[in-house]
1. Go through segment 44-94 and give me each residue that's touching a Phe, Trp or Tyr at 6+ places or on another chain (Cβ under 7 Å), touching a residue at least 24 places away in the same chain (Cβ under 8 Å), closer than 14 Å to ARG24 by Cα and assigned to a helix (DSSP H, G or I).
2. Being of a type in the set (Asp, Glu) and under 20 Å from LEU77 (Cα atoms) is the filter here, so list the residues in segment 99-116 that pass it.
3. What number of residues within segment 92-117 are over 20 Å from ILE10 (Cβ atoms), over 12 Å from the mean Cα position of the chain (by Cα) and open to solvent by 20 Å² or more (accessible area, probe 1.4 Å)?
4. Can you tell me which residue in segment 7-43 is nearest to LEU93 (Cα to Cα), limited to those that are of a type in the set (A, V, I, L, M) and not in a helix (DSSP H, G or I)?
5. Say whether the condition of being open to solvent by 50 Å² or more (accessible area, probe 1.4 Å), farther than 26 Å from ASP113 by Cα and at pLDDT 90 or above is met by at least one residue in segment 46-61.
6. Would you confirm whether any residue within segment 70-91 is buried (at least 18 other Cβ atoms within 10 Å of the Cβ) and modelled with pLDDT under 90?
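The values are calculated or read from the model by the stated rules, or taken from the named source; none is laboratory data. Model, not experiment: these values are computed from the prediction. FYI the Cβ positions are ideal-geometry reconstructions off the backbone, even for glycines, and counts take in every protein chain you see. Remember, those area values only see protein heavy atoms, side chains included, never the ligands or the DNA or RNA. Shrake-Rupley method; radii C 1.70, N 1.55, O 1.52, S 1.80 Å.
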Amino acid sequence: MGEQLHTSEIDLEVLSRGWSDWLRFAEVVQLFREAGSAAPREDSILWVLRFCSEGVLEAGNYDIQGLNKWPERGRELESRMREWLVPDPRDPLGAVMNLMFDLTAIGRRLIPDELQF
């Protein structure tokens, strides 16, 4: 794997939610909210961007065909995510529920056995 990634217990708990299914942005926001974040949405965006840039997660949106992975990284991914997350008054939860993340092989290797569920 090369360089060891710095991950906390909380990082691993959140990442492990993507072990058997995709990790929804809404889940990440909720976990930051429960942890007492003053800005859970912003903290979630920055957290996701970090793990996407480190090759741990791949971002995408969900539709009837499954997860459509986005090729963007870095600032381009940040811009796309922020644009995606602008609420649609007709479906205010749609964007946060359909923005999802898939663990990469790097991400899967980070998850300890006891969190692989």
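1. Of everything in segment 44-94, just one residue is touching a Phe, Trp or Tyr at 6+ places or on another chain (Cβ under 7 Å), touching a residue at least 24 places away in the same chain (Cβ under 8 Å), closer than 14 Å to ARG24 by Cα and assigned to a helix (DSSP H, G or I), namely VAL48.
2. The initial filter retains those residues of segment 99-116 that are of a type in the set (Asp, Glu), namely 102, 113-114.
Of everything in segment 99-116, just one residue is of a type in the set (Asp, Glu) and under 20 Å from LEU77 (Cα atoms), namely ASP102.
3. Of the residues in segment 92-117, 3 are over 20 Å from ILE10 (Cβ atoms), over 12 Å from the mean Cα position of the chain (by Cα) and open to solvent by 20 Å² or more (accessible area, probe 1.4 Å).
4. Start the filter on segment 7-43 by keeping residues that are of a type in the set (A, V, I, L, M), which leaves 10, 12, 14-15, 23, 26, 28-29, 31, 35, 38-39.
The next check asks that each one be not in a helix (DSSP H, G or I); those that pass are 23, 35, 38-39.
Working: LEU23: 15, ALA35: 21, ALA38: 20, ALA39: 18 Å.
The residue in question is LEU23.
5. Checked against the condition, which is being open to solvent by 50 Å² or more (accessible area, probe 1.4 Å), farther than 26 Å from ASP113 by Cα and at pLDDT 90 or above, segment 46-61 yields at least one hit.
6. no
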